[in-house]
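Here is the structure we will look at.
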């Protein structure tokens, strides 16, 4: 059985990482579906990927540090 903690899910959705992910997805879909610009889609993904990856790495490191304490 999976324990669903709605407070934890809500906090995760409000973090900077999720806001960046949703912004990146929105911009990418706009460029792809409205402007039909595949080059700009690739550039946008290339700009957002390192930023989002950085946040996931920092989150993992901080969770490991919390587990040690």
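Taken together, the values in this text are just the output of simple stated rules run on the coordinates, not laboratory data. Bear in mind that the values here come from a model prediction, so they are computed numbers and not experimental data. Neighbour counts are summed over all protein chains in view; Cβ atoms, including those assigned to glycine, are modelled from backbone coordinates with ideal geometry.
For residue 58 and residue 29, a Förster radius of 22 Å and the Cβ-Cβ distance give a FRET efficiency of 0.25, rounded to the nearest 0.05.
Taking other C-beta atoms within 10 Å as the exposure proxy, 34, 41 rank 34, 41 from fewest upward. Put in order of Cβ neighbour count within 10 Å, fewest first, the listed residues 37, 62 become 62, 37. In this label model, residue 19 and residue 68 are separated by 2.9 nm, measuring between points 7 Å along each Cα→Cβ vector.
Here the residues 58, 52, ranked from fewest to most Cβ neighbours within 10 Å of their Cβ, fall in the order 58, 52.
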